[in-house]
Structure formats: C-alpha cells, structure tokens
1. Considering Lys48, Lys61, Lys77, which residue is modelled with pLDDT under 95 and not β-branched (Val, Ile, Thr)?
2. Only one of (1) loosely packed, with under 10 Cβ neighbours inside 10 Å; (2) under 31 Å from the mean Cα position of the chain (by Cα) fails for Leu78. Which number is that?
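The values are calculated or read from the model by the stated rules, or taken from the named source; none is laboratory data. None of the values given here were measured: they were computed from a predicted structure. Here the Cβ is made from the backbone with ideal geometry for all residues, glycine too, and neighbour counts use every protein chain on show.
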Amino acid sequence: MKSDVVDEILKVEAEAKTVVEKANSDAKDCITQAQLKAKELIKDSVEKVRNEYSATLDNAKQVYQKELEEYKESKLKLEEKKMSFDNGELEKAANEIVDLICKVAL
C-alpha cells in the first residue's frame, strides 16, 4: 500500500516535471515569436518613416529646383534689360542730374 502511494507520488511528480518543462518550452517559443514580431513591426515602422521623409525630401528638392530655375530665368531677363552706358553717356546723365539738382531751390 505504501509502495502504491510512493509510486503514485513519483508518477505525479514526473507528470508535473513534464508539464513544467512543456510550459517552459512554450514560454520560450512565445517570447521568441513576440521578439520576431516586434522586430518586424519596428522594421516596418522605420521603413515607413524613411519613405515618408524621402518623399518629403524629394518634394523639397523639386520645389528648390523649380525656384532655382525661376531665379535663373528672372536673372537672365534682368540682365537682358540692363542698359549699358559708355563713358560719354554716363557723363551726360550725371551732368543732367547735377543740372536738375542745381535748379532746385533750397
């Protein structure tokens, strides 16, 4: 009778040991899966943010390029309109300005 009880206790202990080992194994598997999923989520999030910033940067480059081209065109137009004077014309314009100023009564 005592040996039956001892055998039963040993059997229960063995089953408990098996349950604990399975629980440990399942917990390790669960943690591993959670880590893999977390890594994948982080990777996806980083890639999404990288793509968004890349698109923003590309847009900024396009805007900058457009503004640069507009500036260059404007500069060329101004240079085309710019008048060039030779020394005689400059002296004549300066004399006319002086004459006008001298005529003004202070």
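1. Working: Lys48 fails: modelled with pLDDT under 95; Lys61 fails: modelled with pLDDT under 95.
Exactly one residue qualifies, and that residue is Lys77.
2. Every listed condition holds for Leu78 apart from (2).
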